[in-house]
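Contents: one structure, followed by commentary.
The values are calculated or read from the model by the stated rules, or taken from the named source; none is laboratory data. What you see is a predicted model, and the numbers here were worked out from it, not measured in a lab. Every residue, glycine among them, receives a Cβ derived from its backbone with ideal geometry; neighbour counts consider all protein chains shown.
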Amino acid sequence: MRDRNAPLTEADIGALAWDKMDGLLPAIVQDKATLQVLMLGYMNEAALRATLSSGHVTFFSRSKGRLWEKGETSGNHLAVGRILADCDDDSLLIEAVPAGPTCHLGTTSCFSEEGAAGVGWLAELGRIVAQRAAADPKESYTARLLAEGPMRIGQKVGEEGVEVALAAVGRDTAGCIEETTDLIYHLAVLMQSRGFGWDDIAARLRERHGKG
């Protein structure tokens, strides 16, 4: 029996339920970092094989009647992280890293004009911090903080941590949110400086608490 937690490989393709929709399977694409749903397309066996081989999401276009690699004209490719099949082997979930807006209308997702919501936006924050690292330190506080190095960043994290603690005992909920926001931003800068991200934090938390 196929391990449902394991990403699909070439060896799994023949076992999928291609007969249910005349050789096509719906394929949902999800941002690997933010977990936002980006788009829905359809794959036949050839499209899935092309996706696994190239590392870029390739669909079967029902309107064009051919294989279609997302981003083949726009350059906004979807780099594959992993592909999972559902419990009935008749639909696919693709975790991908987008190279730009996924929707042809220029938005991140085909389902919404907004970016990631909830805790998924922390990954978007990480991307913003990474982009600002290349900015002029005279014009960007983030770039300036990164240029000053881990010691200065660590000092700011410590200061913001104290502000959160003080808010916890002396301010209302809105005040706590404000100070926690400042702390999380500075933590994101620290992560960029030291080369790790929210996915690393989530993995460690899952190790510690996932079975509890």
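Here are some notes:
- Of the residues making up segment 48-65, none is surrounded by fewer than 19 Cβ atoms within 10 Å (Cβ to Cβ), touching a helix residue (DSSP H, G or I) at 6+ places or on another chain (Cβ under 9 Å) and part of a loop (DSSP other than H, G, I, E, B).
- Test: residue in segment 183-199 that is within 22 Å of Q36 (Cα to Cα), under 15 Å from the mean Cα position of the chain (by Cα) and surrounded by 16 or more Cβ atoms within 10 Å (Cβ to Cβ): yes
- Exactly one residue out of A33, A123 is surrounded by 16 or more Cβ atoms within 10 Å (Cβ to Cβ), in contact with an Asp or Glu (Cβ under 9 Å, 6 or more places away or on another chain), closer than 28 Å to A143 by Cβ and in the same structural domain as M191 (by TED's automatic domain parsing), and it is A123.
- Selection of segment 88-143 for residues being within 23 Å of P7 (Cα to Cα) and either in a helix (DSSP H, G or I) or free of Cβ contacts under 8 Å to residues at least 24 places away in the same chain (or both) yields G120, A123.
- Only one entry of E148, E160, E139 meets the criterion of being over 24 Å from the mean Cα position of the chain (by Cα), buried (at least 17 other Cβ atoms within 10 Å of the Cβ), farther than 30 Å from A27 by Cβ and modelled with pLDDT of 95 or more, and that entry is E160.
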